[in-house]
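Peer 1: Starting off with a structure, shown below.
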Amino acid sequence: MTAQIIDGNALSKQLRTEVATRAEALKAKGVTPGLAVVLVGDNPASQVYVRNKVKACEDSGLHSVLEKYEATMTEADLLARVEALNNDPGIHGILVQLPLPAHIDAQKVIEAVSPAKDVDGFHIASAGALMTGMPGFWPCTPYGCMKMLESIGYELRGKHAVVIGRSNIVGKPMALMLLQKDATVTVAHSRTQNLKALTLQADVIVAAVGKRNVLTADMVKPGAVVLDVGMNRNDEGKLCGDVDFEGVKQVASHITPVPGGVGPMTITMLLVNTLEAAERASK
Ligand code: GUN
């Protein structure tokens, strides 16, 4: 069997068209959805990410502002900027790009963002809302994974999903979203013993570790759905995920590529969350 590719670019295009339509409807009511992206320091990867986020906003008719600060910015100054954005009626979503310089307490900054504008879904209020099934903002990467499963009409109820990785940004929220759809969820991580025994039982596998070849063909049950959240470089310097794509695609029923899979979906869900924040604020 050769797996069907779940094309994150194609799905993003479709969802971003819907975002643009909803943005137009809001603008007709005099509200332009606005996202503020805050970057502190000159991390090269972060610079690329924020550029892509701002461009995606422009392409979908959302207003965006990029605030760039020196790596020497104090925590107090950053907290003051976040507070000003919380109080800015033209801004509906606030994203502080991580990682932050070591002298700044990232958690403190995340908690300073108003939960109503927490389009990253990183605030503990957002995490608590996800955990209890209350309305809130879902972290963009696992949210994008759920949309990818939805796009292939996948019924999660009663299925076994194995999430590899337990980060606050991907693994843990991913597990909660899958659970909310009635999947049986196993969370594996760096201390897990005999990962292969678990993944071989899985109907759905989400690899979110940040290490190449964490999942190989011998670890996958025939017909499983495989989502690859990894973003790594191979020996030739080319972008690759956590999954041995060439091997696993011979066994899985569906698989996401890297690049062109989960990556574009993360930005798409940021646009969706920003639009949602603006719609809620204008009600
Ligand atoms: N750094 C890497 N990914 C992300 C993300 O999704 N949001 C923020 N704020 N920072 C990141």
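The values are calculated or read from the model by the stated rules, or taken from the named source; none is laboratory data. Note that the coordinates shown come from a computational prediction; the quantities given were computed from them, not determined experimentally. Note: ideal-geometry Cβ built from the backbone for every residue, glycine included; neighbour counts use all protein chains shown. Each accessible area value is taken on the protein alone, full model and side chains, heavy atoms only, with ligands, DNA and RNA left out. Shrake-Rupley method; radii C 1.70, N 1.55, O 1.52, S 1.80 Å.
Peer 1: Does P264 satisfy the criteria of being part of a loop (DSSP other than H, G, I, E, B) and closer than 26 Å to V54 by Cβ?
Peer 2: Criteria not met by P264.
Peer 1: Turning to a different aspect of this structure: Scan the stretch 197-216 and tell me whether some residue there is out of contact with any helix residue (DSSP H, G or I) (no Cβ under 9 Å at 6 or more places or on another chain), modelled with pLDDT under 95 and of a type in the set (S, T, N, Q).
Peer 2: For the stretch 197-216, residues out of contact with any helix residue (DSSP H, G or I) (no Cβ under 9 Å at 6 or more places or on another chain), modelled with pLDDT under 95 and of a type in the set (S, T, N, Q): absent.
Peer 1: List the pairs whose first member sits in the stretch 91-120 and is under 14 Å from M73 (Cα atoms), whose second member is part of a helix (DSSP H, G or I) and away from the ligand (no atom under 15 Å from the Cβ), and whose Cβ atoms are under 8 Å apart, counting only residues at least 6 apart or on separate chains?
Peer 2: Cβ pairs passing all conditions: H103/E75; I104/E75; D105/E75; V109/E75; V109/L79.
Peer 1: Please determine whether any residue of the stretch 19-28 is open to solvent by 70 Å² or more (accessible area, probe 1.4 Å), within 18 Å of L270 (Cβ to Cβ), modelled with pLDDT of 95 or more and assigned to a helix (DSSP H, G or I).
Peer 2: Yes, that holds for at least one residue.
Peer 1: Considering I164, I205, I169, which residue is among the β-branched types (V, I, T) and over 18 Å from D244 (Cα atoms)?
Peer 2: I169
Peer 1: Shifting gears a bit: Scanning for something in contact with a strand residue (DSSP E or B) (Cβ under 7 Å, 6 or more places away or on another chain), open to solvent by less than 10 Å² (accessible area, probe 1.4 Å), hydrophobic (A, V, I, L, M, F, W, C) and in a helix (DSSP H, G or I), does the stretch 35-44 turn up at least one residue? Walk me through how you get there before you give the answer.
Peer 2: Taking the stretch 35-44 as the starting set, the residues that turn out to be in contact with a strand residue (DSSP E or B) (Cβ under 7 Å, 6 or more places away or on another chain) are 35-40.
Pick out the ones that are also open to solvent by less than 10 Å² (accessible area, probe 1.4 Å) and you get 35-40.
Going one step further and asking which of them are hydrophobic (A, V, I, L, M, F, W, C), we end up with 35-40.
Narrowing the set further to residues that are in a helix (DSSP H, G or I) leaves none.
No, the stretch 35-44 contains no residue that is in contact with a strand residue (DSSP E or B) (Cβ under 7 Å, 6 or more places away or on another chain), open to solvent by less than 10 Å² (accessible area, probe 1.4 Å), hydrophobic (A, V, I, L, M, F, W, C) and in a helix (DSSP H, G or I).
Peer 1: Among residues belonging to the stretch 253-270 that are in contact with a strand residue (DSSP E or B) (Cβ under 8 Å, 6 or more places away or on another chain) and open to solvent by less than 10 Å² (accessible area, probe 1.4 Å), point out the one that is farthest from the ligand (Cβ to nearest atom).
Peer 2: I255
Peer 1: Name the helices (runs of 4 or more DSSP H) wholly within the stretch 60-177 that hold at least 1 residues that are more than 15 Å from the ligand (Cβ to nearest atom) and open to solvent by less than 20 Å² (accessible area, probe 1.4 Å)? So that I can check it myself, show each step before the final result.
Peer 2: On the way: elements: 75-86, 106-112, 124-132, 140-151.
Those helices (runs of 4 or more DSSP H) span 124-132, 140-151.
Peer 1: So, one more: Just to be sure, is A208 touching a residue at least 24 places away in the same chain (Cβ under 8 Å), buried (at least 24 other Cβ atoms within 10 Å of the Cβ) and touching a strand residue (DSSP E or B) at 6+ places or on another chain (Cβ under 9 Å)?
Peer 2: yes
Peer 1: Are any residues in the stretch 189-239 among the hydrophobic types (A, V, I, L, M, F, W, C) and assigned to a loop (DSSP other than H, G, I, E, B), and if so, which ones?
Peer 2: Residues satisfying the conditions are L200, A202, A208, V209, V214, V220, A224, V229, M231.
Peer 1: Open to solvent by 40 Å² or more (accessible area, probe 1.4 Å), within 13 Å of the ligand (Cβ to nearest atom) and of a type in the set (V, I, T), is that true of V48?
Peer 2: Numbers: open to solvent by 40 Å² or more (accessible area, probe 1.4 Å): yes; within 13 Å of the ligand (Cβ to nearest atom): yes; of a type in the set (V, I, T): yes.
Yes.
Peer 1: For the stretch 10-50, which positions are in contact (Cβ under 8 Å) with a residue 60 or more places away in the chain and closer than 30 Å to P101 by Cα?
Peer 2: Hits for the stretch 10-50 are P33, G34, L35, V37, V40, G41.
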